[in-house]
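Each remark here refers to the structure printed beneath this line.
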Ligand SMILES: [Fe+2]
């Protein structure tokens, strides 16, 4: 019988051994990676992940897109399911890598496997893999219509794309010393699917002595110039309330199982969310959001977004430290309001 | 190709919704549409459309001049429809201000005494900082709609059963 999910969270020892990597494969040019009981290799089409309980084969482009988000977000909040089988759970300092642990069929068969790593070690392993396995011309942050392919034998790299850093405001974009607006000069051209979005900035009339105290900027322009998809920035913080807007196109490469409540505010266009049970993956709901729609994602589900046109989504997060423990213990209900 | 980015307004919105595919209930998604909410509210009412512990996002129908407000912490105002000005005053009499730990916006009885800090002229999509300790007033010539990032307070109105799919 496999271990109860709660015991995994509480009692797993942390593997602090660094990863290893092979020399480039003489045939396809890619390195192979290993950390703990897991190994990773890629060929021209697929990534192949092995654990002591089995092998999992996934499309290489989907795999790289998922890993890009996991790396860029430092394992994010809670569960980052690369697909229905593999993924990571963030314990903030340590992180679980799993195969089948949050899939009811694997768990029933006892073929699930989890190992806990020091976050920095697993991040180093993933970063190195991502750099080696990403070919020139493939940007894992881009929508499929905007980028080339990751398939085929080793062909250069794309470190500029893989090293992209999202912009995180400390208080509010445009305040002195804080994040800046996005412009052509800063390397943020208007995205092809937002060519009709107004580029006018607000007028700021500060009285002498109050420059830098009042502030405003065009958020829709900011989002129209986002060069990446499914990768939130932070534009304003009120205490622990963070506005994390993002531009979305095609499919969120991961299924996010949050360890706290998050909210979505659809600013433009439309996204459909496929929602499943966080532990088993069983289907629960489809949430279709059009411009002006507001919806929470309860703390007990996983969600994956589908955006047919590039759209503007305001993701709203609560940064209060330790929230994951308060939801896990049941102190906080999974839905943030009742009626 | 000229793209057609879809923004909505109080007079022109289409609502999505929650469809259940397994074990779940629609109310748990607290699904609403900010334009529908503000089409049914009075000017300057702050209807909570999103809440995460004490933090809120409040949808406000904006028409004409708002009361003056102040707040002990930052807030922000995202204009989702129309045009507006936001005027700021640094109150001179700090005893009239809410205590530092007071959460949410506080409505003032009128325009406060103090130094004019300036004003902002905003249109759709513009995000304005309402800095902690300043008094502010919204002015909208026509119909406008503002989303306010704040903390649950005296001005916040919760009416989930009325606004959410269930
Ligand atoms: Fe999420």
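Can residue A:177 be described as in a loop (DSSP other than H, G, I, E, B) and in the same structural domain as residue A:315 (by TED's automatic domain parsing)?
It is false that residue A:177 is in a loop (DSSP other than H, G, I, E, B) and in the same structural domain as residue A:315 (by TED's automatic domain parsing).
How about region A:61-100: which strands (runs of 3 or more DSSP E) wholly inside it have at least 2 residues that are within 14 Å of the ligand (Cβ to nearest atom) and at pLDDT 95 or above?
A:79-81, A:86-90
Output the residue which, of all residues in region B:54-91 that are buried (at least 24 other Cβ atoms within 10 Å of the Cβ) and free of Cβ contacts under 8 Å to residues at least 60 places away in the same chain, is farthest from the other protein chains (Cβ to nearest Cβ).
Only one residue tops the list, namely B:86.
Those residues that are within 13 Å of the ligand (Cβ to nearest atom) and crowded, with 23+ Cβ neighbours inside 10 Å, I need them from region A:233-251; list them, please.
A:248
Got at least one residue in region A:257-270 being in contact with a helix residue (DSSP H, G or I) (Cβ under 6 Å, 6 or more places away or on another chain) and within 11 Å of the ligand (Cβ to nearest atom)?
Checked region A:257-270: at least one residue is in contact with a helix residue (DSSP H, G or I) (Cβ under 6 Å, 6 or more places away or on another chain) and within 11 Å of the ligand (Cβ to nearest atom).
Quick check: anything in region A:293-310 part of a loop (DSSP other than H, G, I, E, B) and at the interface with another protein chain (Cβ under 7 Å from one of its Cβ atoms)?
Within region A:293-310 (the criterion being part of a loop (DSSP other than H, G, I, E, B) and at the interface with another protein chain (Cβ under 7 Å from one of its Cβ atoms)), the answer is yes, since at least one residue qualifies.
In region A:135-148, is there at least one residue being buried (at least 16 other Cβ atoms within 10 Å of the Cβ) and in a helix (DSSP H, G or I)?
Taking every residue of region A:135-148 in turn, at least one turns out to be buried (at least 16 other Cβ atoms within 10 Å of the Cβ) and in a helix (DSSP H, G or I).
Scan region A:147-156 and tell me whether some residue there is touching a strand residue (DSSP E or B) at 6+ places or on another chain (Cβ under 6 Å) and either within 30 Å of residue A:48 (Cβ to Cβ) or not assigned by TED's automatic domain parsing to the domain that holds residue A:243 (or both).
Within region A:147-156 (the criterion being touching a strand residue (DSSP E or B) at 6+ places or on another chain (Cβ under 6 Å) and either within 30 Å of residue A:48 (Cβ to Cβ) or not assigned by TED's automatic domain parsing to the domain that holds residue A:243 (or both)), the answer is no, since none of the residues qualifies.
Only residues in region A:72-88 that are within 14 Å of chain B (Cβ to nearest Cβ) count as the first member; pair them with residues that are within 14 Å of the ligand (Cβ to nearest atom) and in a loop (DSSP other than H, G, I, E, B), Cβ under 6 angstrom, at least 6 apart or cross-chain, and list the lot.
That search, which allows pairs on different chains as well, returns A:77/A:258; A:77/A:259.
Would you be able to say whether some residue in region A:173-187 is in contact (Cβ under 8 Å) with a residue 24 or more places away in the chain, touching a strand residue (DSSP E or B) at 6+ places or on another chain (Cβ under 9 Å) and facing chain B (nearest Cβ under 7 Å)?
No.
Could you please give the count of residues in region A:310-337 that are in contact with a strand residue (DSSP E or B) (Cβ under 7 Å, 6 or more places away or on another chain) and either closer than 30 Å to residue A:144 by Cβ or in the same structural domain as residue A:223 (by TED's automatic domain parsing) (or both)?
Here the count works out to 10.
Only one residue in A:249, A:262 is touching a strand residue (DSSP E or B) at 6+ places or on another chain (Cβ under 6 Å) and more than 26 Å from residue B:61 (Cα to Cα). Which one? It would help to see each step written out before you state the result.
Working: A:262 fails: more than 26 Å from residue B:61 (Cα to Cα).
Checking each option against the conditions leaves just A:249.
Checking the condition within 21 Å of the chain's Cα centre (by Cα) and either free of Cβ contacts under 8 Å to residues at least 12 places away in the same chain or not assigned by TED's automatic domain parsing to the domain that holds residue A:95 (or both), which residue from A:120, A:199 passes?
A:120
Tally up the residues in region A:104-132 that are in contact with a helix residue (DSSP H, G or I) (Cβ under 6 Å, 6 or more places away or on another chain) and in a helix (DSSP H, G or I), please.
The number of residues fulfilling the criteria is 4.
I'd like to check something: does region A:256-279 contain any residue that is surrounded by fewer than 18 Cβ atoms within 10 Å (Cβ to Cβ), touching a residue at least 24 places away in the same chain (Cβ under 8 Å), under 30 Å from residue A:104 (Cα atoms) and not assigned by TED's automatic domain parsing to the domain that holds residue A:75?
Yes, some residue in region A:256-279 is surrounded by fewer than 18 Cβ atoms within 10 Å (Cβ to Cβ), touching a residue at least 24 places away in the same chain (Cβ under 8 Å), under 30 Å from residue A:104 (Cα atoms) and not assigned by TED's automatic domain parsing to the domain that holds residue A:75.
If you go through region A:44-54 one residue at a time, how many are under 24 Å from the mean Cα position of the chain (by Cα) and either part of a strand (DSSP E or B) or surrounded by 16 or more Cβ atoms within 10 Å (Cβ to Cβ) (or both)? Write out each step before concluding.
Pass one, region A:44-54, residues under 24 Å from the mean Cα position of the chain (by Cα): A:45-51.
Now restrict to residues that are either part of a strand (DSSP E or B) or surrounded by 16 or more Cβ atoms within 10 Å (Cβ to Cβ) (or both): A:46-51.
The total comes to 6.
The values are calculated or read from the model by the stated rules, or taken from the named source; none is laboratory data. Predicted model only: the values in this text are computed from it and were never measured. Here the Cβ is made from the backbone with ideal geometry for all residues, glycine too, and neighbour counts use every protein chain on show.
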